[in-house]
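Novice: Structure below; questions to follow.
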Amino acid sequence: MKYLVRERLFDIGDDFWVTDEQDRRVYWVDGKALRLRTTFQLKTPDGELLLQIRKKLLSMRDRMRIERGGETVATVRERMFNPIKEKLVVELAAGGEWEVHGDLLGKEYVVSDEHGTVAHISRKWFRVRDTYAVDVNTYRPDIGSDPALVIAVAVAVDSITGDDGDDGQEQD
């Protein structure tokens, strides 16, 4: 199942819709502006909170927690050091982990685990710069029932790898 993430550029708070293949609004990503730490809420179109995505404060590496009902369900973090390719790791509270690898800045990457592909994220199908697709592998019963978690991971990856000056390098 493909979901389209349509970010709005130059919007205070980083709010945007996620639609399905029929262009129906499925999720609302509510970016909380003017907070001490980066926070997003993934909601239904009716405003029901599904997941909260928050950057962990005072961490050596970028890391974001994904919470459901106040409990952490996943943590997205940078891999310690890998000179060959940029990777992120998603530690699942229920056990196991997903690996995020590919061109993270260009939004051309794959989320996978030992059983295969979880999702493929790609901007190449779109001319509009602020739109990318999250193609969730719904054939896997462990993922198909929770596409919101996969969307939340994509939002966290986008936040961690974004060029907002918070990537550990000093800005002039």
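The values are calculated or read from the model by the stated rules, or taken from the named source; none is laboratory data. In this text, all values refer to a predicted model and were calculated from it rather than measured experimentally. Cβ placement follows ideal geometry from the backbone for every residue including glycine, while neighbour counts extend to all protein chains displayed. The accessibility values were calculated without ligands, DNA or RNA, using every heavy atom of the protein model including side chains. Shrake-Rupley method; radii C 1.70, N 1.55, O 1.52, S 1.80 Å.
Novice: If you take the residues in segment 26-42 that are of a type outside the set (S, T, N, Q) and more than 12 Å from Val5 (Cβ to Cβ), which one is modelled with the lowest pLDDT?
Specialist: Per the stated criteria, the residue is Leu34.
Novice: List the pairs whose first member sits in segment 32-46 and is on the phi < 0 side of the Ramachandran plot and part of a loop (DSSP other than H, G, I, E, B), whose second member is surrounded by 17 or more Cβ atoms within 10 Å (Cβ to Cβ) and at pLDDT below 75, and whose Cβ atoms are under 8 Å apart, counting only residues at least 6 apart or on separate chains?
Specialist: Note: pairs meeting the criteria are Ala33/Asp14.
Novice: While we're here: What number of residues within segment 99-109 satisfy the criterion of being open to solvent by less than 40 Å² (accessible area, probe 1.4 Å) and in contact with a helix residue (DSSP H, G or I) (Cβ under 7 Å, 6 or more places away or on another chain)?
Specialist: 2
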